[in-house]
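The values are calculated or read from the model by the stated rules, or taken from the named source; none is laboratory data. Source: prediction; values computed, not measured. All Cβ positions, glycine included, derive from the backbone under ideal geometry; neighbour counts span all protein chains shown. Just so you know, the surface numbers come from the protein's heavy atoms only, side chains and all, with ligands and any DNA or RNA stripped out. Shrake-Rupley method; radii C 1.70, N 1.55, O 1.52, S 1.80 Å.
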Amino acid sequence: MSRMIGLTMALAALLFSAVASAAQYNWKFALEEIDGSVQDHYATKFAELMKEKTDGKVDIQIYPYGSLGTSTQLTELVQNGAIQLAFASPGHLGSIVPEVQVMTLHFLFSDNPKVNKEVLSDSDTLYGPLADAYLDKNLKLISLIDEGWMVWTANKPITKPSDFQGVKIRTMVSPLLLKEYKAYGANPTPMAYSEVYSGLQLGTIDAQVNPVFAIEEMSFYEQQKYMIFPRHLPFIASVVTNPAFYKGLPDDIKKAVQASKQEADDYIFKVQRQLNDKRMDIIKKKSNIKVIHLDAQQRAAFRKLAMPVRDEYKDMAGPRGAKILKGLEKDIQQTEAKME
Ligand code: 6CS
């Protein structure tokens with residue numbers, strides 16, 4: 001019921017937002033993150049590029065997190081055509097598109113961010129069978145981006161799986177995430193992004209996982225004593241649109257969308273790393289948080305426990321999911337070999 005009210009309010013906000021633009025197309029692009037975030041940088045660049053490439057015909061208004069709803073609600077707004085573009089992170093979208101949870105599997109992606117960038121921008125697996133899984137749920141996949149390594153924050157050091165015993169770690173809401181952290185012995189607790197800070201403050205959770213820029217801008221570091229870098233997974237987000245809306249666009253506008261996606265993908269790859277570095281310096285300046293980088297041996301202990309979760313993924317995502325996992329493993333290996 002409260003979800004219905006939330007969605008109705010979001011729709012009302014959209015209806016009442018006056019559009020004072022001379023453009024032929026006025027699109028709304030909703031973010032799962034606040035102003036100044038990686039998603040904000042991406043959307044701002046994408047909007048600039050679209051304006052440039054269409055001689056001002058397309059005007060994109062950006063709606064930061066909080067203005068239209070939770071990640072799941074943003075996806076619903078795209079599915080029903082109320083907004084044209086939104087970010088949809090696999091960590092949340094997995095509840096709707098089970099196959100997308102492949103992008104939450106630990107130790108699947110390369111240790112080399114350049115490899116991951118290339119795979120996320122161009123993989124035939126991701127823009128083939130995975131995009132088909134999106135289409136089955138009335139979503140068109142436009143782009144996939146890496147927002148930086150996921151980092152565990154906690155009030156105790158976590159350097160081996162047994163350190164997770166009894167730790168209530170907040171995860172996004174995709175069901176596979178529970179399996180991933182249960183495999184380490186933790187007590188995973190799914191919740192919306194907006195509830196994480198108060199959850200840490202009130203002690204309903206005692207750890208969480210996110211990239212550095214988010215830990216800074218959401219102030220999570222204020223409530224935590226340790227930041228642990230396992231490099232088990234980059235935070236990946238997808239950009240989605242409504243398939244019928246996209247199909248109805250003239251070819252020149254579609255072409256501009258695809259060209260802007262490619263350029264914005266390249267742009268964000270650089271900007272994301274700068275932003276994460278800068279935000280790490282801010283956290284170090286503002287707090288006494290202890291930073292731990294896991295070494296190869298420590299990472300191997302987590303990897304060993306993470307591997308069987310791939311079978312759980314196949315159970316959840318079915319034969320198409322199995323095909324996506326196999327294809328993605330191959331795409332990553334081939335890109336690594338090419339870049340060596
Ligand atoms: O943890 C989350 O829920 C969120 N984290 C980031 C960095 N972006 C969006 C997502 O919803």
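Structure data summary
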| read-out | value |
| --- | --- |
| Filter pass, Lys338 being closer than 18 Å to Ser123 by Cα, part of a helix (DSSP H, G or I) and either among the aliphatic types (A, V, I, L, M) or modelled with pLDDT of 95 or more (or both) | yes |
| First in region 63-77 and touching a residue at least 12 places away in the same chain (Cβ under 8 Å) and within 12 Å of the ligand (Cβ to nearest atom), second anywhere and open to solvent by 40 Å² or more (accessible area, probe 1.4 Å) and among the hydrophobic types (A, V, I, L, M, F, W, C), Cβ under 6 Å, 6 or more apart | Pro64/Ile34; Tyr65/Ile34 |
| Listing of helices (runs of 4 or more DSSP H) fully contained in region 13-114 that carry 2 or more residues being under 18 Å from the mean Cα position of the chain (by Cα) and among the hydroxyl-bearing types (Ser, Thr, Tyr) | 38-53, 71-79 |
| In region 28-50, the residues that are open to solvent by 10 Å² or more (accessible area, probe 1.4 Å) and either away from the ligand (no atom under 12 Å from the Cβ) or small (Gly, Ala, Ser) (or both) | Lys28, Asp35, Gly36, His41, Thr44, Lys45, Ala47, Glu48 |
| All helices (runs of 4 or more DSSP H) inside region 183-298 with 2 or more residues being surrounded by 15 or more Cβ atoms within 10 Å (Cβ to Cβ) and more than 17 Å from the chain's Cα centre (by Cα) | 196-202, 243-247, 251-286 |
| Filter result (open to solvent by 30 Å² or more (accessible area, probe 1.4 Å) and part of a helix (DSSP H, G or I)) within region 169-182 | Pro175, Leu178, Lys179, Lys182 |
| Subset tally (residues that are of a type outside the set (D, E, K, R) and open to solvent by 40 Å² or more (accessible area, probe 1.4 Å)) for region 51-80 | 7 |
| Top-ranked residue in region 299-310 [being part of a helix (DSSP H, G or I) and of a type outside the set (A, V, I, L, M, F, W, C); ranked as farthest from Val58 (Cα to Cα)] | Lys304 |
| Any pair with Cβ under 6 angstrom, 6 or more apart, that starts in region 210-230 at a residue that is within 9 Å of the ligand (Cβ to nearest atom) and basic (Lys, Arg) and ends at one that is open to solvent by less than 10 Å² (accessible area, probe 1.4 Å) and not in a helix (DSSP H, G or I) | none |
